[in-house]
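Following: one structure in structure tokens, then a few remarks.
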Ligand code: NAP
């Protein structure tokens, strides 16, 4: 006989998706619990300015994270600050094993673990991480005041972070492997109009070099001519997309080829009662607003799931 309480819902991950799920779960009177190993807000904390959260023209990522966490807390959402080791699906309930050895039981679970920066996998990338190689301009940009940096990537993140770095540094080279950006038009126009930004098209970084002071250059290869050259730089910021944080996703759960969890329109995975939201889920647009929308949908669906189980059992 297991005496640990059986929760209605456990939400794993406290980014915009998880916090919104918490708000909707509490409004639906669920016995819900949020587990977050770091600071609430997730990737918002690495975002300087948010300009596309409806109703708020401009807000720092950290401030929006704080507001969301305070909003969830105002509903009395209990939060455990610890990592999760394992999620074991079950017929009667799902089991969440925490890193501190504690075991939690729940009817429904929402996975909101987000994603992590994708790596280039080139020489020097791991060796000089923290000594000139970075995946977060808001965190590390300050160290490159009046210096030269290389940004790798052509998506929204690469351009947004380049614009941020252009305010601090002397020069930003955006190195992109194609001759067109993937980023939205507004960011493209802003980046192209910024005098401190120079775009290096059709080029990949094949190695990062360093001296005693840290990173001092990159080796570039033109993807059209195959020509190679060196470029002096003090830092390399890599923004080439995200990989899903899917280690807690139970074996057998449906995922796409890139490891993102495939869900139905209710954000439910192929395992009943386990939901996946935000950047962990396969979807067309990954935004704060769509992560929050997922949180709403999954919490509502979880409420129905829990109610049906209680009524049938
Ligand atoms: P992304 O949209 O997937 O873009 C990744 C970029 O990196 C692409 O330009 C890609 O090149 C390039 N890339 C990928 N692998 C590479 C490699 N091995 N070597 C060199 N270049 C490589 O990723 P993201 O910019 O991080 O954005 C992720 C999601 O968040 C997107 O949906 C984005 O819209 C959203 N986001 C939105 C905002 C905003 O609206 N303000 C801000 C940040 C992020 P190719 O283009 O050639 O594939």
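The values are calculated or read from the model by the stated rules, or taken from the named source; none is laboratory data. Here the structure is a predicted model, which means the values were calculated and not measured. Positions of Cβ are backbone-derived with ideal geometry, glycine not excepted, and every protein chain shown enters the neighbour counts.
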Legend entry - Matching option when the condition is part of a helix (DSSP H, G or I), within 15 Å of the ligand (Cβ to nearest atom) and either in contact with a helix residue (DSSP H, G or I) (Cβ under 8 Å, 6 or more places away or on another chain) or closer than 27 Å to residue 59 by Cα (or both), among 289, 285, 236, 243: 289
Legend entry - Subset of segment 249-260 that is surrounded by fewer than 21 Cβ atoms within 10 Å (Cβ to Cβ) and touching a strand residue (DSSP E or B) at 6+ places or on another chain (Cβ under 9 Å) - its residue that is modelled with the lowest pLDDT: 258
Legend entry - Matching strands (runs of 3 or more DSSP E) fully within segment 1-108 where at least 1 residues are surrounded by fewer than 18 Cβ atoms within 10 Å (Cβ to Cβ) and in contact with a strand residue (DSSP E or B) (Cβ under 7 Å, 6 or more places away or on another chain): 6-12, 84-88, 94-98
Inset, instruction - Mind listing just one residue for me: the one in segment 160-179 that is within 12 Å of the ligand (Cβ to nearest atom) and not in a loop (DSSP other than H, G, I, E, B) and, of those, surrounded by the fewest Cβ atoms within 10 Å (Cβ to Cβ)? - result: 164
Inset, instruction - Identify all residues within segment 266-282 that are in contact with a helix residue (DSSP H, G or I) (Cβ under 8 Å, 6 or more places away or on another chain) and either loosely packed, with under 14 Cβ neighbours inside 10 Å or in a loop (DSSP other than H, G, I, E, B) (or both); write none if there are none. - result: 266, 267, 272, 273, 277
Inset, instruction - Kindly provide the set of residues from segment 142-159 that are assigned to a helix (DSSP H, G or I) and in contact (Cβ under 8 Å) with a residue 40 or more places away in the chain, ordered by number. - result: 143, 144, 157, 158
Legend entry - Close pairs (8 angstrom Cβ cut-off, 6 or more residues apart or separate chains): free of Cβ contacts under 8 Å to residues at least 60 places away in the same chain in segment 100-127, within 16 Å of the ligand (Cβ to nearest atom) and part of a loop (DSSP other than H, G, I, E, B) anywhere: 126/119
Legend entry - Looking only at segment 180-201, and only at residues there that are near the ligand (Cβ under 10 Å from one of its atoms) and outside any helix (DSSP H, G or I), the one that is farthest from residue 225 (Cα to Cα): 184
Inset, instruction - Being within 14 Å of the ligand (Cβ to nearest atom), within 17 Å of the chain's Cα centre (by Cα) and modelled with pLDDT of 95 or more narrows it down to one of 114, 61, so name that one. - result: 114
Inset, instruction - Determine whether residue 303 is over 29 Å from residue 119 (Cα atoms), outside the structural domain of residue 148 (by TED's automatic domain parsing) and crowded, with 16+ Cβ neighbours inside 10 Å. - result: yes
Inset, instruction - Specify the residue that is nearest to the ligand (Cβ to nearest atom); the eligible residues are those in segment 202-223 that are under 18 Å from residue 237 (Cβ atoms) and exposed (fewer than 15 other Cβ atoms within 10 Å of the Cβ). - result: 206
Legend entry - Looking only at segment 145-159, and only at residues there that are within 20 Å of residue 60 (Cβ to Cβ) and surrounded by fewer than 21 Cβ atoms within 10 Å (Cβ to Cβ), the one that is farthest from the ligand (Cβ to nearest atom): 145
